[in-house]
1. Just one of (1) in contact (Cβ under 8 Å) with a residue 40 or more places away in the chain; (2) assigned to a helix (DSSP H, G or I) trips up R223, so point out which.
2. Mind listing whichever residues of segment 337-366 are assigned to a loop (DSSP other than H, G, I, E, B) and either exposed (fewer than 11 other Cβ atoms within 10 Å of the Cβ) or touching a residue at least 40 places away in the same chain (Cβ under 8 Å) (or both)?
3. Looking only at residues in segment 220-231 that are touching a helix residue (DSSP H, G or I) at 6+ places or on another chain (Cβ under 6 Å) and not polar (S, T, N, Q), which one is least open to solvent (accessible area, probe 1.4 Å)?
4. In segment 111-145, which residues are acidic (D, E) and either at pLDDT below 95 or not in a strand (DSSP E or B) (or both)?
5. Please note which strands (runs of 3 or more DSSP E) are completely contained in segment 1-110 and include at least 1 residues that are open to solvent by 20 Å² or more (accessible area, probe 1.4 Å) and polar (S, T, N, Q).
6. Among L20, L29, L11, which is touching a Lys or Arg at 6+ places or on another chain (Cβ under 7 Å) and touching a residue at least 60 places away in the same chain (Cβ under 8 Å)?
7. I'd like to verify a number: residues in segment 130-167 that are among the small types (G, A, S) and in contact with a Gly (Cβ under 9 Å, 6 or more places away or on another chain), how many?
8. Taking W115 as meeting all but one of (1) over 20 Å from the mean Cα position of the chain (by Cα); (2) closer than 28 Å to S402 by Cα; (3) open to solvent by less than 10 Å² (accessible area, probe 1.4 Å), write down the number of the exception.
Amino acid sequence: MAADKHTLTVLDPGHFHAALTLRQRHPRLSDDVFVYASNGPDLDNFLRMVGTFNERADNPTRWSLHVYRGEDHFERLRSERRGDIVIIAGKNDSKMASIRRLHGDGFFVLGDKPWLIDPGALGIMEETVATPPLAMDIMTERHEIANRLQVALTSYPRVFGHLRDDAGQPAISIASVHHLYKIVNGAPLVRPAWVFDVRVQGEGMTDVTTHLVDLAQWMIGGRQTFDFDHDIELLSARQWPTSVPRDIFTRITGLDDFPGALRHRVANGMLSYLCNAAISFRLRGITVAIESRWSLAAPAGGGDTHYALVHGTAADLLVEQSARTRYVTEVTVQPVAGDAGYAAELGSAIESLRLSFPGVGLQPSAGEFRVTIPPSLRTTHEQHFSKVLDQFLCHIDGGELSVNYGPDLVTRYRLLMHAAEQ
């Protein structure tokens, strides 16, 4: 192994996101990956998915997995130190404690969201992100091309203006729908049963909602650190369940019945899974409304949906992924006054954006403008995990990390923990 390469270690990969970080090879990574986990289906599913990356015909990976199976896997990882980076994507009730101990041991840590589901762990999160080595969370939505274009367009005053709350409507509205039964990497995703136990997985307020709050911070924040006590005002928060029938649960998990740990939430053959959340808050005086929901399964030919509307004084910027867009993200500019002068300003902005986003264009339609995105710029949700890993490696090897990264991470979780308690 070359001296300038990093080596990955994977701890207890209970969530398929752990495997997705290995979807592509990386020039700064050794092909040797060391995995420490308890024996069982979570590990087997991880190994199976990584195996498909190695075996695919198009651009296969070459990971050589060295697996330790045992109940003492965490201590073995810490004592053997076979790699300098640890990837954690698994049970959330113990995740923050593991991140803290590994960080204290001197490992770089890349951790899937959510880092915590218990407000009692906020203090150790704050301590962990305040000092090196780097511990970073996996925020994939900042790598979606439509989201990047939406944020980029907000920086053009003559195109977007500035954020506005209008007639009781929030300045930023974001909503997403995900599906418990879905296809990942070309095959039905098998989820472990503990995902449905909110004492282990967490409730809806700490799941996809984490990504959506991060998007709002990105749109509003710039490089100025958010302060929870001065910049955040929680307006409302609620959570509600999705009812999961036994047959759908079996299809998702491969189990014949609900395990004992979930029986207290089962009635008439249906599991009440508290996975949906809505939150409204002000961030530096800007009103944000967020909703994340989980449906049982996508309709035929369908997929996850996303809607993000940002109100500006000159135009609204909409990102949409839905049946209307054939489940492909689209960016639409909806000007307040769509005259010829505005069209020229928007055309000039798009021209300048081509330096960073080659091939983007405009398609006018009924007073609106759709930003056309070439296939070369589009990446899938599965591909975003390798983008996050690349970003993480760049930061480790000397790339600039925003000084407000750690404080903003803590502020995000303080908001979500406060909301979950409502």
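The values are calculated or read from the model by the stated rules, or taken from the named source; none is laboratory data. Only a predicted model underlies this, so the values are computations on that prediction, with no experimental measurement involved. Counting neighbours? That spans all protein chains shown, and the Cβs are built from the backbone with ideal geometry, glycine included. Keep in mind that these areas ignore ligands, DNA and RNA; they rest on the heavy atoms of the full protein, side chains included. Shrake-Rupley method; radii C 1.70, N 1.55, O 1.52, S 1.80 Å.
1. Result: R223 fails condition (2) only.
2. Of all residues in segment 337-366, those assigned to a loop (DSSP other than H, G, I, E, B) come to 337-339, 354-360, 366.
Matches in segment 337-366: A337, D339, L355, S356, F357, P358, V360, A366.
3. At the first step, the residues of segment 220-231 found to be touching a helix residue (DSSP H, G or I) at 6+ places or on another chain (Cβ under 6 Å) are 225-226, 228.
If we keep only those that are not polar (S, T, N, Q) too, we end up with 226, 228.
Details: F226: 7, F228: 37 Å².
Going through the qualifying residues, I end up with F226.
4. Going through segment 111-145, the residues acidic (D, E) turn out to be 112, 118, 126-127, 137, 141, 144.
Scanning segment 111-145 gives D112, D118, E126, E127, E141, E144.
5. 64-69
6. Details: L20 fails: touching a Lys or Arg at 6+ places or on another chain (Cβ under 7 Å); L11 fails: touching a Lys or Arg at 6+ places or on another chain (Cβ under 7 Å).
That would be L29, the only listed residue that is touching a Lys or Arg at 6+ places or on another chain (Cβ under 7 Å) and touching a residue at least 60 places away in the same chain (Cβ under 8 Å).
7. So the first thing to find is which residues in segment 130-167 are among the small types (G, A, S), and the list is 130, 135, 146, 152, 155, 161, 167.
Now narrow it down to the ones that are in contact with a Gly (Cβ under 9 Å, 6 or more places away or on another chain): 130, 135, 161.
Qualifying residue count, segment 130-167: 3.
8. Evaluating W115 over (1) over 20 Å from the mean Cα position of the chain (by Cα); (2) closer than 28 Å to S402 by Cα; (3) open to solvent by less than 10 Å² (accessible area, probe 1.4 Å) leaves (1) as the failure.
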